[in-house]
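Everything below concerns the one structure shown next.
The values are calculated or read from the model by the stated rules, or taken from the named source; none is laboratory data. All of these numbers come straight from a predicted model, not from anything done at the bench. All Cβ positions, even for glycine, are placed from backbone atoms using ideal geometry, and neighbour counts span all protein chains on display.
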């Protein structure tokens, strides 16, 4: 089957290696999901949706659990942060640009880089303020 970068595919998680997890793509092709790109727990045999990230020269296929494309991912992360702020007490989350990558990954299921890009966009839209102790949603009347 011919795949293109960005294609949405069904994945079955295989065994874990030093690099990541082998996956079965659409029950036909083998691929690799890199461990350093995981922001959720997965288990062998689990069926999940993924995206074609790269088709290597050696014919190998790299996959991701996040949609490919900066703008789409950025908007999704902004929405995720806004939803978390809405659910949080007083619209405040104790995460900021100095927070540890693990804290951000644990609370929001995204990388620190993705978090910083998303809060930067929300700050420019005047939807939140960035404080020393975290981010605060700006209340609208």
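Here is a yes/no grid of residues against (1) loosely packed, with under 14 Cβ neighbours inside 10 Å; (2) modelled with pLDDT under 90; (3) on the phi < 0 side of the Ramachandran plot:
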position	(1), (2), (3)
15	yes, no, yes
24	no, no, yes
27	yes, no, no
45	yes, no, no
53	no, no, yes
61	no, no, yes
72	yes, yes, yes
83	yes, no, yes
97	yes, yes, yes
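Answer with yes or no whether residue 105 is over 24 Å from residue 4 (Cα atoms) and surrounded by fewer than 16 Cβ atoms within 10 Å (Cβ to Cβ).
no
Consider region 17-50. How many of its residues are touching a strand residue (DSSP E or B) at 6+ places or on another chain (Cβ under 9 Å), touching a residue at least 24 places away in the same chain (Cβ under 8 Å) and farther than 20 Å from residue 105 by Cα?
Matching residues across region 17-50 total 11.
Residue 7: in contact with a strand residue (DSSP E or B) (Cβ under 9 Å, 6 or more places away or on another chain), closer than 30 Å to residue 122 by Cα and free of Cβ contacts under 8 Å to residues at least 60 places away in the same chain, yes or no?
yes
May I ask you to verify whether residue 40 is at pLDDT below 95, exposed (fewer than 12 other Cβ atoms within 10 Å of the Cβ) and part of a strand (DSSP E or B)?
So residue 40 fails the test.
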